[in-house]
Amino acid sequence: MVNNGPVSSQLDELREFEVREVLDLFPAGGRILEPGAGTGAQAAYLSSCGFTVEALEIESSEYRNARVFPVRDYDGRVFPFNSNSFNAVYTSNVLEHVPDLPAFLAECRRVLIDGGVMIMVVPTASWRLWSIPAYYPARVRELLTPGSSESSSDEKKRSLRLSSFFPSTHGERGNAITEVWCGGCRAGCGAAFFETLD
């Protein structure tokens, strides 16, 4: 996986762990689609395991200039592939960012062959619970670092408003507190799930 410093390295290790944990769920030698591929690091890993992988990402992705695998830009709505083209669709930490989840899942089903699988890794409520305490030291460090994006006095004053001390939502739904509460209340909350389509 790519290494762009300690935070990126830790994230790369986590993403590699995630894909290794679900590797046995993929059809042997299958063709895999990974929408929301980011840098393409997991697609590269899957490719190194003998799979044929197509990676997609929205054009406005923050990972656009850090790609380590051929990632095709798309509109975020319609996959640029024919129906019945893939043995598996894999996503990692993508579903929480999708504005129209039913349409996204329908598109995943459209490109799967009969008997294909969807393997979707999602952050759990415990992930959010542990990420909240990490937010505050990073936020204070950012505010105090000379030359940071928010180091000017006007920016610091604006950033010190109460609202900046609550982590924003991770994705399209809720906020940091409701993600923990709702995620913890829902049955079936887990690190991964898959669906076999017949």
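Just so you know, all these numbers are worked out from the coordinates, no wet-lab data involved. Please read all numbers here as calculations on a predicted model, not as lab measurements. Because the Cβ atoms are built from the backbone with ideal geometry, glycine has one as well, and the counts that use them run over all protein chains shown.
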Once both label points are put 7 Å beyond Cα along the C-beta direction, the Gln10-Arg77 separation in nm becomes 3.8 nm
Go ahead and run the numbers for FRET between Phe17 and Arg64, Cβ-Cβ distance against an R0 of 25 Å, rounding to 0.05. 0.55
For Ser92, distant residues with modelled amide H under 5 Å away: Val121
On alpha-carbon atoms, Rg over Rh for the range 6-121 using Kirkwood Rh? 0.93
Derived scalar couplings ³J(HN,Hα) [the range 16-21; Karplus, 6.51 cos²θ - 1.76 cosθ + 1.60; whole Hz; x for Gly, Pro]: 5, 4, 4, 5, 5, 5
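Which FRET efficiency, nearest 0.05, do Ser47 and Ser85 yield, Cβ-Cβ r, R0 22 Å?
In this case the efficiency is close to 0.85.
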Difference of contour (0.36 nm per residue) and Cα-Cα distance, His97 to Ile113: 3.2 nm
